[in-house]
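Some notes on the structure that comes next.
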Amino acid sequence: MPHRSSTGTPDGVTATPDGVTATIATIGILGAGRVGTAVARQALRAGYRVLVAASGDPAAIELIVEVMAPGATAVTAAEAARAGDVVVLSLPLRKFDTLDPDLLDGTVVIDAMNYWAETDGDMPTLAAAPSSSEMVQDFLPGARLVKTLNHIGYHELESDFRPAGTPERRALAVAGDDGDARATVMDVVERLGYDAVDAGPLTAGAALEPGTEVFTGRHDRAALERLLERVPVPATR
């Protein structure tokens, strides 16, 4: 299984395999809780324009966003999905089916959600799925879904980041079926302050879920690559 670092392109620019570059300027975040606002703060620190949305009227979260992520803008979910070059899902997993699949069609989407029995309750759909991200991808068939940012605590996201090249810099795994989307998200992860490690296709996202070795520890690139080498997944596309 390949493990790939940042593409080495300038901040915010992703190089795709065909040589086309795409500028990532705006991060849309669906979910204004602790995870969503922590991602917003770190994205702002990295220089991105950040749009935060909840399920209803943005006026209901304006104060939360102003206090918890100064510089971010509260918008509707539709606005965050349309304007975001990359959209982060940070809502409770049980609410994944409240998303509008049409809004995310063709969009690079980061699945930062985890299943927590205490808050999500029974989820028969999840029980029948190979992994939570594959369940979400089935519901959002047009989204270019990538799993990452779920295996780091929201508070750690702001405390553990380091400049590129820092010895023992913390690494985060990135899994997704769309190779170009993976490359885009890996560059976002690097810009947020972490070494991005290519975990391969979306099915490898199961190795990033709660209770796994990846989830329960802090790993640098070498350690994370060793863990991922033990994950049996099909070849990447």
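A few notes on this one:
- Pick from the stretch 199-229, criterion among the acidic types (D, E) and within 16 Å of N150 (Cβ to Cβ), ranking: surrounded by the most Cβ atoms within 10 Å (Cβ to Cβ): E209
- If the condition is being free of Cβ contacts under 8 Å to residues at least 60 places away in the same chain, more than 16 Å from P141 (Cβ to Cβ), aliphatic (A, V, I, L, M) and assigned to a loop (DSSP other than H, G, I, E, B), then the stretch 95-130 contributes M113, M123, A128.
- Within the stretch 20-88, strands (runs of 3 or more DSSP E) holding 1 or more residues that are open to solvent by 50 Å² or more (accessible area, probe 1.4 Å) and in contact with a strand residue (DSSP E or B) (Cβ under 9 Å, 6 or more places away or on another chain): 21-23, 49-53
- Of the residues making up the stretch 118-149, those that are open to solvent by less than 10 Å² (accessible area, probe 1.4 Å) and among the hydroxyl-bearing types (S, T, Y) are S131, S132, S133, T148.
- The single condition among (1) part of a strand (DSSP E or B); (2) at pLDDT below 95; (3) not small (G, A, S) that V174 does not satisfy is (2).
Conditions (1) of a type outside the set (F, W, Y); (2) in contact with a helix residue (DSSP H, G or I) (Cβ under 9 Å, 6 or more places away or on another chain), marked per residue:
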{"position": "P101", "(1), (2)": "yes, yes"}
{"position": "G106", "(1), (2)": "yes, no"}
{"position": "Y115", "(1), (2)": "no, yes"}
{"position": "L126", "(1), (2)": "yes, yes"}
{"position": "S133", "(1), (2)": "yes, yes"}
{"position": "A164", "(1), (2)": "yes, yes"}
{"position": "A171", "(1), (2)": "yes, yes"}
{"position": "T184", "(1), (2)": "yes, no"}
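The values are calculated or read from the model by the stated rules, or taken from the named source; none is laboratory data. Remember, predicted model here, so these are calculated numbers, not experimental data. Ideal geometry is used to build each Cβ from the backbone, glycine not excepted, and the neighbour counts take in all protein chains shown. Accessible surface areas use protein heavy atoms only, side chains included; no ligands, DNA or RNA. Shrake-Rupley method; radii C 1.70, N 1.55, O 1.52, S 1.80 Å.
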